[in-house]
Structure formats: C-alpha cells, structure tokens
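Note sheet for the following structure.
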Amino acid sequence: MKTLAFLCVFVVASFALKLENISSTMQENIDKTLLILKNTSGDKSKAAGKIFELFDPIFDYKLMAKLSLSKHYDKLSEAEKKQFSEAFEAQLKKSFTDKLHLYKDQTLKIVKGEKNDKGTRYFLTSVMRIDGEDKFVVFKFYQNPQKDWLIYDVDVLGVSIIQTYRTQFGDVLENENFQTLLEKIKAVNFYQK
C-alpha cells in the first residue's frame, strides 16, 4: 500500500489534459517518473522535485484541499482557505517524498479509462504488480470550466486518498479548532497508509 501510495499520489500531481490524451499522457508521465526514480535512487528530494515538475499541472490541489475538508471548508475565511490549500499541498508532497524509499523497480501500467454515467468524471485505472499480485490504482479526473481534465482524487487499492484525509481532518476538528488542524498538517504526515 505504501509503495502504491507514493507512486500514485504524484504519478500524476495544473496543466490540464484533454480527455483523448489522458491515458497516453499519464502513461508517458508514469514512465518518466519510474525512470527518474531509477536514476536518482539515493536522492529523494531531487527525485521528488523532478516528479512534481512533471505532474503538478495535472493535479487540482485546491479542489483536493476543499474536498478533504468537506463541510468545514465553507466555514473558513478566504485567507484561511488559502492557508489550508497551501498546507494541504505541502502535506501531500511531504507524504510522497517520505515514501520514495519504498520504490523497488515496480512498473505501473494504464489498463483502462471510463467516464461516469453523467460524463462529468473520468476514472483511469492502472495496475502495478507487487509480490506476484496485481494492485490497482484509479486516478479520478473531473472536467474544469475550461473543458480540460484534472485529477481530484486517487484510489489506492480501493481506498480514496481524499476520503482518508477527510476522515483524519474531521477527527481533529471534532475536538480542536482550525488553527490546531493547520499546525498538525504542517507537522505530521497524515497519509501513512
């Protein structure tokens, strides 16, 4: 799970994609990512930086931050929303960088893509073989107002990254305030699965 999580969270991370280019661009970026990892095995920060350059344009970090905070997001001021979005993106990137050491020459291959019934979402399924078993990762895209597609979530082995964060953030906000959550996001690696 950890191996998949680190590859998947950032295999993709806003240059948006056209629907017809999602599969090919994603596979190309995945292949480049694996090559970066092979060539920079001893320097996690260097590898992470190159991968972020490759995938940052595809991830909608602001939407991911909003979804992860759910109903609590609309209660924030504009300044707090900005603070949270920045802290959330940094948290995702820190989590990814911390997991880079788990990479052991695995490959990740795109197997299919399909729209939801309303045509508003696109789910790109990929597979990684680990210890003789196929492990699936689904990259979830939405169409933005400019008619391009961006990633808003990733399912790793059937577990949504956004849902995992939403549960953890909701638990904190049950007993603490927003500032405490913000401090914890900056200090703790929430996504440990």
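Send over a whole-number figure in Å² for the accessible area per residue of region 79-193, probe 1.4 Å.
With all protein chains present, region 79-193 gives 52 Å² per residue.
Run lengths n ≥ 4 of DSSP H only: what is the helix-derived mean residue ellipticity at 222 nm for the chain, with -39500 (n - 2.57) per run over all residues, to the nearest 500?
Dividing the helical sum by the residues of the chain leaves -16000 deg cm²/dmol.
Report the Cα centroid-to-centroid distance between region 68-89 and region 17-39 in angstrom, as an integer.
First find each Cα centre; the distance between them is then 30 Å.
Which percent of the accessible heavy-atom area of the chain goes to carbon and sulfur, probe 1.4 angstrom?
The nonpolar share, carbon plus sulfur, comes to 48 percent.
Quickly rank 101-107, 112-118 as a protection proxy: mean count of other C-beta atoms within 10 Å, highest first.
Highest to lowest by the protection proxy: 101-107, 112-118.
For Lys94, give me every one of the lysines with a C-alpha distance below 19 angstrom, ignoring sequence neighbours fewer than eight places off in its own chain.
Lys2, Lys44, Lys46, Lys50, Lys62, Lys66, Lys82, Lys184, Lys186, Lys193
Can you tell me how much longer the chain between Glu78 and Asn175 gets when fully stretched, taken as 0.36 nm per residue apart minus their C-alpha distance, in nm with one decimal?
32.6 nm
May I ask you to evaluate 6.51 cos²θ - 1.76 cosθ + 1.60, the Karplus curve with θ = phi - 60°, for each residue of region 45-54 and list the ³J(HN,Hα) values in order in whole Hz, giving x for glycine and proline?
5, 5, 4, 4, x, 5, 5, 4, 4, 6
Per residue of region 117-133, in order, report the coupling 6.51 cos²θ - 1.76 cosθ + 1.60 (Karplus, θ = phi - 60°) as ³J(HN,Hα) in whole Hz, putting x for Gly and Pro.
These are the phi-based 3J(HN,Hα) values: 4, 7, x, 9, 10, 9, 10, 9, 9, 10, 9, 10, 9, 10, 6, x, 10 Hz.
Between Glu183 and Asn144, what FRET efficiency follows from the Cβ-Cβ distance if R0 is 35 Å, with the result rounded to 0.05?
Efficiency at R0 = 35 Å is approximately 0.65.
The values are calculated or read from the model by the stated rules, or taken from the named source; none is laboratory data. Small disclaimer: the values here were computed from a predicted structure and weren't measured. Backbone-built Cβ (ideal geometry, glycine too); neighbour counts: all protein chains shown. All accessible areas refer to the heavy atoms of the entire protein, side chains included, with ligands and DNA or RNA removed. Shrake-Rupley method; radii C 1.70, N 1.55, O 1.52, S 1.80 Å.
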